[in-house]
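This report refers to the structure that appears directly beneath it.
The values are calculated or read from the model by the stated rules, or taken from the named source; none is laboratory data. Remember, predicted model here, so these are calculated numbers, not experimental data. With ideal geometry, Cβ positions are generated from the backbone for all residues, glycine too; neighbour counts draw on all protein chains shown. Side chains included, ligands, DNA and RNA excluded: accessible areas come from the protein's heavy atoms. Shrake-Rupley method; radii C 1.70, N 1.55, O 1.52, S 1.80 Å.
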Amino acid sequence: MFGIENLWLFVVSGIVLNMLPGPDSVLIAGRAASQGFRAGSAAALGIGTGIFVHIVAASLGLSAILSTSATAFTVVKVVGGLYLIYMAFCMYKDSTVQGESTTKGSKPVGQKQTSLLGIYSQGLITNVFNPKVALFFLSFMPQFISSTSDNKAIAFLLLGLIFNFTGMIWCHFIAWVSASMSRKLSASQSVRKWFSRLAASLFGAFGVKLLVSTQG
């Protein structure tokens, strides 16, 4: 259909690739653990929207600019890397406030929670401004589209939607598991605080890794 080849292999490969740890899964787990399943779901939906942006851009050929223009790639990766580092700082700061609030009583004092819209935006931005995602789709998708197909753009979109659908199932599973574990550990605020700091450290590492990444 539309020149799509080895669909079953694409689905299996997509599921495996979605399960690999990265900044997306860290953001979902961190938000779900600190603010519950709805927060993790908001992050996942933001990430899914970002992936859809990359899929549409790749199908229209816009993502090819990132693979051929060093300037465009550098601008996007710097913006994305700095934002990931900024996110790491915010998550660490939130964990510090959470830790201080628990020393003043059983109820959190002065602790602010990020809105669901804000979390959705974080997921969207972290994904859209990651040029490696765009390059991944440009290199991965064509392997499952016939070179003789007259509907390559449609095939690209269909494969992208399938990839995004399976990815959203996995992302919401991460959110559910993280939120459930957080509830079970709710009596131990120190554990939740250090989990948030671990997530912040990973986000910072991903940001630095993106900053030093190359097009190849």
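Quick notes on this structure:
- Of all positions in the stretch 101-108, none carries a residue that is modelled with pLDDT of 75 or more and not hydrophobic (A, V, I, L, M, F, W, C).
- Selected residue (criterion: nearest to the chain's Cα centre (by Cα)) from residues of the stretch 111-166 that are small (Gly, Ala, Ser) and assigned to a helix (DSSP H, G or I): GLY123
- For the stretch 143-151, the count of residues that are out of contact with any Ser or Thr (no Cβ under 8 Å at 6 or more places or on another chain), under 29 Å from GLN35 (Cβ atoms) and at pLDDT 75 or above is zero.
- Only a single criterion out of (1) at pLDDT below 80; (2) buried (at least 21 other Cβ atoms within 10 Å of the Cβ) is not satisfied by SER67, namely (2).
- Search result, residues across the stretch 169-216 that are at pLDDT 80 or above, open to solvent by 40 Å² or more (accessible area, probe 1.4 Å) and either of a type outside the set (Phe, Trp, Tyr) or closer than 15 Å to GLN35 by Cβ (or both): ILE169, HIS172, TRP176, VAL177, MET181, VAL208
- Among the residues of the stretch 1-25, just one is open to solvent by less than 20 Å² (accessible area, probe 1.4 Å) and under 13 Å from the mean Cα position of the chain (by Cα), namely GLY22.
- Options ALA42, ALA58, ALA33; residue that is farther than 28 Å from LEU158 by Cα, at pLDDT 75 or above and aliphatic (A, V, I, L, M): ALA33
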